[in-house]
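Notes follow the structure.
The values are calculated or read from the model by the stated rules, or taken from the named source; none is laboratory data. These figures come from a predicted structure and were not determined experimentally. Heads up, the Cβs are rebuilt from the backbone with ideal geometry, glycines too, and the neighbour counts pull from every protein chain shown. In case anyone asks, the SASA skips ligands and DNA or RNA and just uses the protein heavy atoms, side chains included. Shrake-Rupley method; radii C 1.70, N 1.55, O 1.52, S 1.80 Å.
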Amino acid sequence: GKELWRRDLGKQDHEWGYASSPVIQGGLCFVYHGPGDGAKLVALDKKTGQTVWQFDEPKITPKDRTDGFKGREPGMIGSWSTPLVLAAQGREELVMNFPQQLRAFDPKTGKDLWVCEGLNPLIYTSPVYGEGVVVTMGGFFGSALAVKPGGQGDVTATARVWREERAKKNRCGSCVISGGLAFFLNMEGFLECTEMATGRQVWEERLPDAGAKSSSWSSPVLANGLVYTVNQSGDTHVLRAAPKLDVVAVNSVGELSNSSLALSDGEIFLRTHQRLWCLSEK
């Protein structure tokens, strides 16, 4: 329990608060310090807390927005994303959502590898990597992108697989990828299935409710070919990762939740407003 080190990365002041989590890879701890003034992505030595490299988020003044702030420019700006480390083209990449763009860095040095434009200025979700493609989404009816990693420089015209300019429904959580399909749970309680190769929506269905609140701020998780989602009533929906809606089960703990499920060693963890639950088949 002895504290080893502590870092103050500067003042944070945003009316919506913060959501990014630290990511540890090798000897480094990656922290996104934002949104708001002074937003930055920092790589710290995980044993000492000293800065190894830092990327300062560029300031933008958005024009002609296509998300929920269309006609109310400049509107809300910022990212609540957690960075992602992946392996592509024989190298590691640290991928991060920033307002209006997805960027990749060399995790060890912070060197810019590539950037893809096309996001809206408000980012709720974190990037997801699967089947050779990074999928990322903006918030408040924002845009979505699918990008092949491993590029160099501005890859908007060369590595962007597809782009959705404006989501039909509001999304807060990230997606999961399986069998050439991406599964999105939107805030209204609808599950969306999208074709990874084209961005075409295969289906969109409202999930059955056990409680009073079918809306969701969580991200789905994937295990053994099954997609697990949680709504604000504490209902967990279990569905097959398939091109047609196939609900296997609906289980409820009857407690309010805004959390995503966490999976570890055959156990499922769920945080509600009242408790921490652990469920296991053992």
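Could you check the range 246-261 and list, in sequence order, the residues that are more than 20 Å from Ser174 (Cβ to Cβ) and outside any strand (DSSP E or B)?
Step one: list which residues in the range 246-261 are more than 20 Å from Ser174 (Cβ to Cβ), which gives 246-256.
Across the range 246-261, the qualifying residues are Asp246, Val253, Gly254, Glu255, Leu256.
List, please: which pairs have Cβ atoms under 9 Å, are six or more places apart or on different chains, and start with a residue in the range 253-269 that is under 11 Å from Thr236 (Cβ atoms) and end with one that is charged (D, E, K, R) and assigned to a loop (DSSP other than H, G, I, E, B)?
The qualifying pairs are Val253/Arg275.
So which residues in the range 13-37 are in contact with an Asp or Glu (Cβ under 8 Å, 6 or more places away or on another chain) and closer than 16 Å to Thr51 by Cα?
Gln25, Gly27, Leu28, Cys29
Residues in the range 28-42: is at least one more than 24 Å from Asp112 (Cβ to Cβ) and touching a residue at least 12 places away in the same chain (Cβ under 8 Å)?
no
When the residues of the range 167-190 are narrowed to those that are of a type in the set (A, V, I, L, M) and more than 17 Å from Asn258 (Cβ to Cβ), which ends up surrounded by the most Cβ atoms within 10 Å (Cβ to Cβ)? Before the answer, list the steps.
First, pick out the residues of the range 167-190 that are of a type in the set (A, V, I, L, M): 167, 176-177, 181-182, 185, 187.
When the remaining residues are screened for being more than 17 Å from Asn258 (Cβ to Cβ), the result is 167, 176-177, 181-182.
Working: Ala167: 21, Val176: 22, Ile177: 21, Leu181: 21, Ala182: 25.
This residue is Ala182.
Of all residues in the range 56-68 being open to solvent by less than 30 Å² (accessible area, probe 1.4 Å) and not charged (D, E, K, R), which is nearest to Ala39 (Cα to Cα)? Lay out the reasoning, then the answer.
Taking the range 56-68 and keeping what is open to solvent by less than 30 Å² (accessible area, probe 1.4 Å), we get 62, 65, 67-68.
Narrowing further to those that are not charged (D, E, K, R): 62, 68.
Details: Pro62: 17, Gly68: 23 Å.
Once the filter is applied, the top-ranked residue is Pro62.
Considering only residues of the range 191-206 that are crowded, with 19+ Cβ neighbours inside 10 Å and hydrophobic (A, V, I, L, M, F, W, C), which is farthest from Leu245 (Cα to Cα)?
Met196
In the range 213-231, what residues are small (Gly, Ala, Ser) and either open to solvent by less than 10 Å² (accessible area, probe 1.4 Å) or outside any strand (DSSP E or B) (or both)?
The answer is Ser214, Ser215, Ser216, Ser218, Ser219, Gly225.
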